């Protein structure tokens, strides 16, 4: 390998060690930090984040990139140059004052959002959201785009995918989902209330750890802790941590929240050491990352065969399930219903929640919608897609933090995750034999090894569309997801 | 305040934020880090520690110090200049190559020490210790000293105290302790075995937390966790964490370990925000720090009045103590005996363990003793001071990690802590009324407030001898400790 390429890697890995510290500071903030430390913690994070930004956007990075470019021979090294260059150029395009203003305003907007949600008053959030939208548009202008201003933001989360592609994809998928939902609504529902009861947190923890171990989550290279909102964070190579939250009344949150984060963690745990500390040592995109969490949470974790293996353990820990058949339990964890809150939505309605958000934020960024129109627009789309209307802002337009954070372009990742997951699943079925049998025997290592080979080991070397093409022979195609839902819910609801 | 002084403070506080991150990385390493992450963690810590060292020893620090010096008017600002300058000059005196060599050798020595202790083979450690001693001597030569090479190292832990002062102090203190021990050995012993049993960790935790709250440990600005070796660490202002270790068989370790660390933590929690992030925002010295832990652990925590308040709680949590009288319990937690291991030693014998170590390490640094003489020298002094001989290296010369770390000059801090604690206690008795009554009512806030006013709020503004003079009207005087022991152990052993 060339000398300059080596120098570039050393330089980037050096910066990444400060990012490792930042990850730990964030993890601790959400898990164990004493309450009164929050102000100082923000200052520490601000200082170190500022330093890593400064180092990454330094002339040194630029010079090393220039010199190393011609030395890159392998796919991996070429990808390193491409991804690093792109990130470098993007950071350079945003004027520092704008970046700082955005940070400050988004911090204020988060506080305002929290208060607005608590008070159920959209007007408390409105002026802040207006600022955030304007700043995001300004940032998009600096980043640049060809056709659609939203492209510039979407690219932060899903490189290589255009707003137009997404918009083209929506109508048929939406129609399918609305139709399926209609059919389901007209059939007999599973009993969901069997999942509601009194589930001791200590016992839920035992169950979660049991499942994690079986799914090959490596507790010597990771941890499971508690936090208000579940998340996955990589501190360093061999240190990938997930959190969960147990609901004493509803056993689903703990189980499927844990499996979801486990999916993210298995991705992170599978990224090779040689890529770590480099800009290609991450997931391919937010959508691909989400495909891994949704794959394990829904396709595997909500499958009948999965519970064929785990149901005895569940009834051992919570004996009251022994009165409920596996069949009944499986149907109940796959209940589909019209609901107001995204994070509680099932596989069928989830993407409708996302479409609504995507359409609204795309409209905001392209001046087709005003912030003041938001509550009405929200309720109108809820009525149209899900047939229900929120009675409060907090169950409606104020439910998610994303816009307060200024994360425009993020929401589509959730939908893309579901679509990629199904497409990946069908490729897996072609490649591996007797998948169902393995799942019902609690053997997941072959599935994981396949995912590692096809996805995890690649890090961010390939853009999502290239990666999914390598795996499945075609670009993102929502029909896999449609087929998957059709097949699964026909069985569950006898459609 | 002058502009340059302000700039200096900003510069130092900026560096301190990276030190905050380092503290968290260390805390996590000892508490929650997954096993496989240790190699990467060492790299992260190394990189960030290197950065803070580079920044602190930079020309910028030097220039700001020079410019700010004349602007310092207050005692606090003058102390800031003095302490910062001293630390800066010390760091500059050691050649970077020597510093790095020392880090590498001490890391190797720690591994060798662990193995040697496990295998009970001094020879495995010997060549490493020889290197560490030689490097420490070299460092001492670079740091400089007037009379005694050991002074240069002692100054790292106890500024303002000379080896000569220490050596002069020893004979009478040693004679007193050996005599007292002799008398105690010839009298009736308390029953220590009542403290041995089966103490559930969960219950010990409840007891520890109860005591910590009563001692005004602020759980909103701190935490209690578990680790292999108990320690106190400050992450940032309003974030002071302690750890403890519970022994299921011996209840003393958990209780007194926790109170000991609580003493350190109360000191750290009492350092004012305005000093934080500056070199004067720490404890005055290791000895003064240890005085706070020993004060709470021994003088308060092993007092009769303390247990008058806490014994009902103890018997509530561990009902088997209801068969044992408070008097009997109190005597048993103050059992004095000849023992081999420092960390398990009582108040009377503890300082004898320290003297032995101090004399040996002073001899090593001043070429009066060779590393190869160590085992014999150790056993000879053990016989002389404590009348017993270790049967193994691990219970003898290999028991402590300090020399593997290259922390020559540290051991005296433990003894000084005991001496300062007694001297501080007698001053407290003069200043506050009805101390005993307050303690037996579980009211510790006035004692804490007094310590805060006299010690904690001062940070590192004053050197230890000046601080103790302000409090007690005289420099360090071991007679207070002698008086304290005499009075206490006469009662316990009816001498």
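One decimal, nm, shortest first: give the distances between the label point of residue A:366 and those of the same position in the other copies, each label point 7 Å from Cα along Cα→Cβ.
8.4
Order these by the 10 Å Cβ neighbour count, fewest first: B:76, A:290. Don't jump to the answer; show the numbers that get you there.
Values: B:76 16, A:290 27.
Going from least to most buried by this count: B:76, A:290.
For an R0 of 56 angstrom, estimate the FRET efficiency from the Cβ-Cβ distance between residue A:164 and residue A:206 and round to the nearest 0.05.
Values: r = 49 Å, r/R0 = 0.87.
With a Förster radius of 56 Å, E is 0.70.
If you average the sequence gap of Cα pairs under 8 Å that are 6 or more apart and divide by the length of chain B, what percent do you get for the contact order?
20
Sort shortest first the distances from residue B:479 to its counterpart in every other copy, using label points 7 Å along the Cα-to-beta-carbon line, and give them in nm.
9.9
Translational diffusion coefficient of the range A:397-495 at 25 °C, 0.890 mPa s, Stokes-Einstein with Kirkwood Rh over Cα pairs, in µm²/s as a whole number.
On the way: Rh = 15.6 Å.
D, rounded to a whole number, is 157 µm²/s.
Can you compute log10 of I(q)/I(0) for the protein assembly as shown with the Debye formula, treating each Cα as one identical point scatterer, at q = 0.07, 0.09, 0.10 Å⁻¹?
-0.74, -1.11, -1.27
So in the protein assembly as shown, what percent of DSSP beta bridges are antiparallel if you round to the nearest 5? Please list the in-between numbers first.
Values: 10 of 20 bridges.
Taking every DSSP beta bridge with both residues in the protein assembly as shown, the antiparallel ones total about 50 percent.
With each run of n ≥ 4 DSSP H residues scored as -39500 (n - 2.57), what mean residue ellipticity at 222 nm is computed for chain A after dividing by its residue count and rounding to the nearest 500 deg cm²/dmol? List each step's numbers first, then the result.
Values: 21 runs with 313 residues, N = 495.
After summing the helix terms and dividing by residue count, I get -20500 deg cm²/dmol.
Can you give me the relative contact order of the range A:95-188 as a percent, contacts being Cα pairs under 8 Å and 6 or more apart?
Details: 44 pairs, mean separation 14.7, N = 94.
It comes to 16 percent, rounded to a whole number.
Could you let me know the centre-to-centre spacing of the range A:310-325 and the range A:170-187, using Cα atoms, in angstrom?
33
Starting from the Kirkwood Rh over alpha-carbon pairs, what translational D in µm² s⁻¹ does the range B:127-277 have by Stokes-Einstein at 4 °C and 1.567 mPa s?
On the way: Rh = 19.4 Å.
Rounded to a whole number, D works out at 67 µm²/s.
Suppose we consider the axis relating copy A to copy B; can you name the residue of A with the nearest Cβ and state that distance in angstrom as an integer?
Result for the A and B rotation: A:21, 2.
Would you kindly work out the equivalent ellipsoid of the range A:124-213 from its C-alpha gyration tensor and give its semi-axes, the square roots of five times the eigenvalues, largest first in whole Å?
Taking √(5λ) for each eigenvalue gives 40, 24, 17 Å, largest first.
Can you tell me the relative contact order of the range A:3-148? Whole percent, Cα pairs under 8 Å, sequence separation 6 or more. Each step should come with its number before you reach the end.
Details: 76 pairs, mean separation 33.4, N = 146.
The value is 23 percent.
Cα centroid distance between the range A:91-126 and the range B:445-495, in Å?
Between the Cα centres of the range A:91-126 and the range B:445-495 lies a distance of 52 Å.
Using the Cα atoms as the points, what is the convex hull volume per residue of the range A:3-148 in Å³?
In the range A:3-148, the Cα convex hull volume per residue is 154 Å³.
Treating the point 7 Å from Cα along Cα-beta-carbon as the label, what are the nm separations from residue B:442 to the other copies, to one decimal?
Residue B:442 label point versus its equivalents elsewhere: 4.6 nm.
What distance in nm separates the simple spin-label points at residue A:436 and residue B:6, each placed 7 Å from Cα in the Cβ direction?
In this crude label model, residue A:436 to residue B:6 measures out at 7.5 nm.
Compute the FRET efficiency between residue B:383 and residue B:42 as 1/(1 + (r/R0)^6), taking r as their Cβ-Cβ distance and R0 = 35 Å, and round to the nearest 0.05.
Details: r = 40 Å, r/R0 = 1.14.
Approximately 0.30, to the nearest 0.05.
So, R0 is 25 Å and r is the distance between the beta-carbons of residue A:247 and residue A:327; what FRET efficiency does that work out to, to 0.05?
Working: r = 24 Å, r/R0 = 0.97.
Given R0 = 25 Å and the Cβ-Cβ separation, E is 0.55.
Looking at the range A:149-495 from every direction and averaging, what is the projected area of its Cα convex hull in nm²? It would help to have the intermediate numbers written out before the result.
Numbers: hull surface 67.1 nm².
Its average projected convex-hull area is 16.8 nm².
Given the C-alpha centroids of the range A:197-230 and the range B:326-340, what is the distance between them in whole angstrom?
Here the two parts' Cα centres lie 43 Å apart.
Treat each spin label as a single point 7 Å out from the Cα along the C-beta direction, and report the residue B:317 to residue A:93 distance in nm.
That separation, rounded to one decimal, is 5.9 nm.
Under a point spin-label approximation (7 Å from Cα along Cα-to-Cβ), what is the residue A:466-residue B:445 distance to one decimal in nm?
With each label point 7 Å from Cα toward Cβ, the separation is 6.6 nm.
Let me know the Rg and Dmax you get for the range B:246-354 when you use only its Cα atoms, in Å.
Cα only, the range B:246-354: 16.4, 52 Å (Rg, Dmax).
Quick note: the coordinates plus some simple rules give every number you see, no bench work behind them. On a predicted model such as this, the values are computed, not experimentally measured, just so you know. Quick reminder, even Gly has a Cβ in these numbers, built from the backbone with ideal geometry, and neighbours come from all protein chains shown.
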